[in-house]
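I have placed the structure first, in the form of C-alpha coordinates, so that the comments after it can refer back to it.
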Amino acid sequence: MEIDLLGVHKPSGEPVYVECKFLQKNVSANVLDLMAAQGIRRNISQLALFSASQLSKDAKGTFDEWKNHDGLSFSFYGPNLLIDTLLDSNLAPKVPDDLPSEISHATLMIHPEHDYLWHF
(Lines give C-alpha, C1' and ligand atoms only; values in the text may rest on other atoms or scores of the structure.)
Protein backbone atom coordinates (compact mmCIF):
# COMPACT_ATOMS: atom_id res chain seq x y z
CA MET A 1 0.00 0.00 0.00
CA GLU A 2 1.19 3.52 -0.61
CA ILE A 3 -0.04 7.01 0.12
CA ASP A 4 1.22 10.19 -1.55
CA LEU A 5 0.65 13.54 0.13
CA LEU A 6 1.36 17.19 -0.49
CA GLY A 7 1.69 19.14 2.72
CA VAL A 8 3.40 22.01 4.45
CA HIS A 9 6.60 21.56 6.47
CA LYS A 10 5.66 23.38 9.71
CA PRO A 11 9.10 24.70 10.70
CA SER A 12 9.87 26.22 7.28
CA GLY A 13 6.38 26.80 5.85
CA GLU A 14 7.60 25.20 2.60
CA PRO A 15 5.58 22.63 0.64
CA VAL A 16 6.62 19.01 1.15
CA TYR A 17 6.00 15.93 -1.00
CA VAL A 18 5.45 12.84 1.18
CA GLU A 19 5.29 9.19 0.21
CA CYS A 20 4.22 6.47 2.63
CA LYS A 21 5.15 2.89 1.80
CA PHE A 22 3.76 -0.02 3.78
CA LEU A 23 5.47 -2.95 2.10
CA GLN A 24 6.96 -6.15 3.47
CA LYS A 25 9.94 -5.95 1.09
CA ASN A 26 12.64 -3.30 1.29
CA VAL A 27 12.11 -0.05 -0.58
CA SER A 28 13.86 0.01 -3.97
CA ALA A 29 16.05 2.77 -5.40
CA ASN A 30 13.42 3.29 -8.10
CA VAL A 31 10.96 4.59 -5.47
CA LEU A 32 13.44 7.29 -4.42
CA ASP A 33 14.17 8.30 -8.01
CA LEU A 34 10.44 8.59 -8.75
CA MET A 35 9.95 10.69 -5.60
CA ALA A 36 12.75 13.04 -6.61
CA ALA A 37 11.24 13.36 -10.09
CA GLN A 38 7.83 14.18 -8.56
CA GLY A 39 9.39 16.85 -6.37
CA ILE A 40 11.36 18.39 -9.21
CA ARG A 41 8.33 18.31 -11.55
CA ARG A 42 6.18 20.03 -8.90
CA ASN A 43 8.98 22.42 -7.92
CA ILE A 44 8.93 21.06 -4.34
CA SER A 45 12.32 20.86 -2.67
CA GLN A 46 11.26 19.06 0.54
CA LEU A 47 10.71 15.31 0.17
CA ALA A 48 9.90 12.77 2.89
CA LEU A 49 9.54 9.00 2.66
CA PHE A 50 7.77 7.15 5.50
CA SER A 51 8.18 3.39 5.30
CA ALA A 52 7.33 0.33 7.34
CA SER A 53 10.37 -1.37 5.77
CA GLN A 54 14.03 -0.50 5.36
CA LEU A 55 15.78 0.79 2.25
CA SER A 56 17.35 -1.83 -0.01
CA LYS A 57 21.13 -1.75 -0.47
CA ASP A 58 20.78 0.16 -3.77
CA ALA A 59 18.20 2.50 -2.25
CA LYS A 60 20.60 3.41 0.59
CA GLY A 61 23.14 4.62 -1.97
CA THR A 62 20.47 6.45 -3.95
CA PHE A 63 19.16 8.09 -0.77
CA ASP A 64 22.67 9.34 0.08
CA GLU A 65 22.96 10.81 -3.41
CA TRP A 66 19.57 12.54 -3.31
CA LYS A 67 19.92 13.90 0.24
CA ASN A 68 23.22 15.55 -0.80
CA HIS A 69 21.70 16.96 -4.00
CA ASP A 70 21.66 20.76 -4.15
CA GLY A 71 18.14 22.12 -3.96
CA LEU A 72 16.53 19.03 -2.41
CA SER A 73 15.88 18.14 1.21
CA PHE A 74 15.21 14.38 1.33
CA SER A 75 14.21 12.66 4.60
CA PHE A 76 13.65 8.96 5.29
CA TYR A 77 11.57 7.76 8.24
CA GLY A 78 12.06 4.00 8.50
CA PRO A 79 10.32 1.64 10.93
CA ASN A 80 12.49 2.45 13.97
CA LEU A 81 12.28 6.21 13.48
CA LEU A 82 8.51 5.99 12.93
CA ILE A 83 8.04 4.22 16.27
CA ASP A 84 10.44 6.62 18.05
CA THR A 85 8.56 9.61 16.60
CA LEU A 86 5.18 8.23 17.72
CA LEU A 87 6.57 7.58 21.21
CA ASP A 88 8.30 10.98 21.47
CA SER A 89 5.11 12.79 20.41
CA ASN A 90 3.08 10.84 22.99
CA LEU A 91 0.81 9.43 20.27
CA ALA A 92 1.73 5.88 21.26
CA PRO A 93 2.19 4.52 24.77
CA LYS A 94 5.71 3.72 25.95
CA VAL A 95 6.67 0.06 26.11
CA PRO A 96 6.62 -0.94 29.79
CA ASP A 97 10.06 -1.33 31.36
CA ASP A 98 9.00 -4.31 33.46
CA LEU A 99 8.11 -6.79 30.70
CA PRO A 100 8.66 -10.47 31.52
CA SER A 101 11.79 -11.96 29.96
CA GLU A 102 9.68 -14.40 27.92
CA ILE A 103 8.48 -11.54 25.70
CA SER A 104 10.80 -11.29 22.72
CA HIS A 105 8.95 -8.78 20.53
CA ALA A 106 6.01 -6.41 20.37
CA THR A 107 3.81 -4.95 17.66
CA LEU A 108 2.38 -1.45 17.79
CA MET A 109 -1.29 -1.63 16.83
CA ILE A 110 -2.59 1.52 15.13
CA HIS A 111 -6.24 2.14 14.29
CA PRO A 112 -7.77 5.51 13.38
CA GLU A 113 -10.73 5.05 15.73
CA HIS A 114 -8.92 3.62 18.78
CA ASP A 115 -5.96 4.41 21.01
CA TYR A 116 -2.63 2.95 19.89
CA LEU A 117 -1.58 -0.08 21.90
CA TRP A 118 1.27 -2.57 22.11
CA HIS A 119 0.54 -6.24 21.46
CA PHE A 120 3.01 -8.60 23.18
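The values are calculated or read from the model by the stated rules, or taken from the named source; none is laboratory data. From a predicted model like this one, the values you see are computed outputs, not experimental measurements. Don't worry about glycine lacking a Cβ; one is built from the backbone with ideal geometry, like all the others, and counts go over all protein chains shown. Heavy atoms of the whole protein, side chains included, go into the accessibility calculation; ligands, DNA and RNA do not. Shrake-Rupley method; radii C 1.70, N 1.55, O 1.52, S 1.80 Å.
What FRET efficiency comes out for N30 versus M109 if R0 is 30 angstrom and r is the Cβ-Cβ distance? Round to the nearest 0.05.
With R0 = 30 Å, the Cβ-Cβ based efficiency is 0.45.
Which number gives the lysine pairs in segment 1-90 that have C-alpha atoms under 19 Å apart and are eight or more places apart or on different chains? Spell out each step's value before the answer.
Working: K21/K57; K21/K60; K21/K67; K25/K57; K25/K60; K57/K67.
The result is 6.
What is the gain in length, in nm to one decimal, between L23 and D70 on full extension, counting 0.36 nm per residue of separation less the C-alpha to C-alpha distance?
14.0 nm
Would you calculate the convex hull of the Cα atoms in the chain and tell me its volume per residue in Å³?
Once divided by residue count, the hull of the chain is 137 Å³.
Pulled fully out, how much extra length does the chain show between W118 and A37, if you take 0.36 nm times their separation in residues and subtract their Cα-Cα distance?
25.4 nm
Quick check for me: using +1 on Lys/Arg Cβ and -1 on Asp/Glu Cβ, what's the dipole size of the chain about its Cα centre, in debye to the nearest 20?
On the way: 9 positive and 16 negative charges, 77 e Å.
Roughly 360 debye for the chain.
Over the chain, what is the mean sequence separation of C-alpha contacts under 8 Å (at least six apart), divided by residue count, expressed as relative contact order in percent?
Reported as a whole number, the value is 18 percent.
For W118, enumerate residues with amide H under 5 Å from its amide H, sequence gap 5+ or separate chain, H modeled in the peptide plane.
Residues meeting the criterion, in which the H sits 1.01 Å from N, are M109.
Please calculate the 1.4 Å probe accessible area of L34, with all protein chains present, and give it to the nearest 10 Å².
Only protein atoms counted, so the area is about 100 Å².
Rounded to the nearest 500 deg cm²/dmol, what is the calculated helix-only ellipticity per residue at 222 nm for the chain, with -39500 (n - 2.57) per DSSP H run of length n ≥ 4?
Helices in the chain give a 222 nm mean residue ellipticity of -8500 deg cm²/dmol.
Measuring with a 1.4 Å probe in the full set of protein chains, what accessible area per residue, in whole Å², belongs to the chain?
Roughly 69 Å² per residue, with all protein chains present.
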